[in-house]
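The values are calculated or read from the model by the stated rules, or taken from the named source; none is laboratory data. Note that this is a predicted model, so its numbers are computed, not measured. Backbone-built Cβ (ideal geometry, glycine too); neighbour counts: all protein chains shown.
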Amino acid sequence: MAATTSGSSKQKVQPGDDKGGALTTPGADDTAPDDHGHRDALMRFFDTRSGGHFFTNSVVEQNTILATRPDLKSEGISFLTDDKGTVGTSEVFRFFNTHDGGHFFTASATERDQVLQTRPDMTFEGTAFYEQTAPKDGYVAVYRFFDTHDGGHLFTSSVSERDTLLATRPDLQAEGISFYAPTT
């Protein structure tokens, strides 16, 4: 969301930077095809109160946010998610932070296991979506930034946004490429 969403006051979403609070755990029946031929588009919402982001590929979560969270403004599709059966896909895991209401995403099994062993405040929600962990034609890098102020994360597949963050946001530490997402 590793992908982590960033934190916000009382409502934080991590992995990929998704602040916004606890909603529902995405399920297999909770996603819809997008216009790109892939199963899911990961939507990004900006938290106008905290400055963080909330990421979800769950139609239920998207609709809940649009109906109940006027403080979360849709920024549209952040990036596409891969189909489970595509060669080379890896799981991207999602955790719910019971302390601050945020979420944390990671494509690293090692990082997932470390969180499971050391963070009792993080509830494992399972696999959120699938992505590639190695470069591949037709895929774009998704970069992860760590917010040193609130402990959240921001994900972007935009090189322009990445470069702007590197130049203007010293509070965001670049953590490198989290995974690779399909471009179409």
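For every residue, the table says whether it meets (1) within 13 Å of the chain's Cα centre (by Cα); (2) surrounded by 12 or more Cβ atoms within 10 Å (Cβ to Cβ); (3) under 16 Å from Asp40 (Cβ atoms).
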{"position": "Thr98", "(1), (2), (3)": "no, yes, no"}
{"position": "Arg112", "(1), (2), (3)": "no, yes, no"}
{"position": "Met122", "(1), (2), (3)": "no, yes, no"}
{"position": "Thr127", "(1), (2), (3)": "yes, yes, yes"}
{"position": "Glu131", "(1), (2), (3)": "yes, yes, yes"}
{"position": "Val140", "(1), (2), (3)": "no, yes, yes"}
{"position": "Arg144", "(1), (2), (3)": "yes, yes, no"}
{"position": "Gly152", "(1), (2), (3)": "yes, yes, no"}
> What tally of residues in the range 62-73 results from selecting those that are in a strand (DSSP E or B) and either touching a Cys at 6+ places or on another chain (Cβ under 7 Å) or basic (Lys, Arg) (or both)?
Replying inline: 1
>> Which numbered condition in (1) of a type in the set (Val, Ile, Thr); (2) touching a Phe, Trp or Tyr at 6+ places or on another chain (Cβ under 9 Å); (3) in a helix (DSSP H, G or I) is the only one that Thr123 fails?
In response: (3)
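Assigned to a helix (DSSP H, G or I), modelled with pLDDT of 95 or more and more than 26 Å from Val159 (Cβ to Cβ): is that true of Asp113 in this structure? Steps first, answer last, please.
Values: assigned to a helix (DSSP H, G or I): yes; modelled with pLDDT of 95 or more: yes; more than 26 Å from Val159 (Cβ to Cβ): yes.
Criteria met by Asp113.
Inside the range 74-97, can you point out the residues that are small (Gly, Ala, Ser) and not in a strand (DSSP E or B)?
If the condition is that a residue be small (Gly, Ala, Ser) and not in a strand (DSSP E or B), then Gly85, Gly88 are the ones that fit.
Quick one: which of Asp137, Asp100, Asp163 is closer than 21 Å to His53 by Cα and assigned to a loop (DSSP other than H, G, I, E, B)?
Working: Asp137 fails: closer than 21 Å to His53 by Cα; Asp163 fails: assigned to a loop (DSSP other than H, G, I, E, B).
The conditions single out Asp100.
Here is a list: Tyr139, Tyr143. Which entry is in contact with a helix residue (DSSP H, G or I) (Cβ under 6 Å, 6 or more places away or on another chain), under 19 Å from Ala181 (Cβ atoms) and hydroxyl-bearing (Ser, Thr, Tyr)?
Details: Tyr139 fails: in contact with a helix residue (DSSP H, G or I) (Cβ under 6 Å, 6 or more places away or on another chain).
After ruling out the rest, the residue left standing is Tyr143.
Listed here are the residues, each with its yes/no results for (1) touching a Pro at 6+ places or on another chain (Cβ under 6 Å); (2) charged (D, E, K, R); (3) buried (at least 24 other Cβ atoms within 10 Å of the Cβ).
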{"residue": "Leu42", "(1), (2), (3)": "no, no, yes"}
{"residue": "Gly51", "(1), (2), (3)": "no, no, no"}
{"residue": "Val59", "(1), (2), (3)": "no, no, no"}
{"residue": "Ile65", "(1), (2), (3)": "no, no, no"}
{"residue": "Thr68", "(1), (2), (3)": "no, no, no"}
{"residue": "Lys73", "(1), (2), (3)": "no, yes, no"}
{"residue": "Gly76", "(1), (2), (3)": "no, no, no"}
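Kindly provide the set of residues from the range 146-160 that are in a helix (DSSP H, G or I) and either within 16 Å of Pro182 (Cα to Cα) or among the aliphatic types (A, V, I, L, M) (or both), ordered by number. If you could, list the steps in order and put the result at the bottom.
First, pick out the residues of the range 146-160 that are in a helix (DSSP H, G or I): 159-160.
Listed by number, the list holds a single entry, Val159.
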> If we keep just the residues of the range 154-184 that are over 22 Å from Gly76 (Cα atoms) and polar (S, T, N, Q), which is nearest to the chain's Cα centre (by Cα)?
Replying inline: Gln173
> Can you find even one residue in the range 35-54 that is among the β-branched types (Val, Ile, Thr) and at pLDDT 50 or above?
Replying inline: yes
>> As an exercise: evaluate Leu172 against (1) at pLDDT 95 or above; (2) closer than 16 Å to Asn57 by Cα; (3) surrounded by 17 or more Cβ atoms within 10 Å (Cβ to Cβ) and give the number of the one condition it does not meet.
In response: (2)
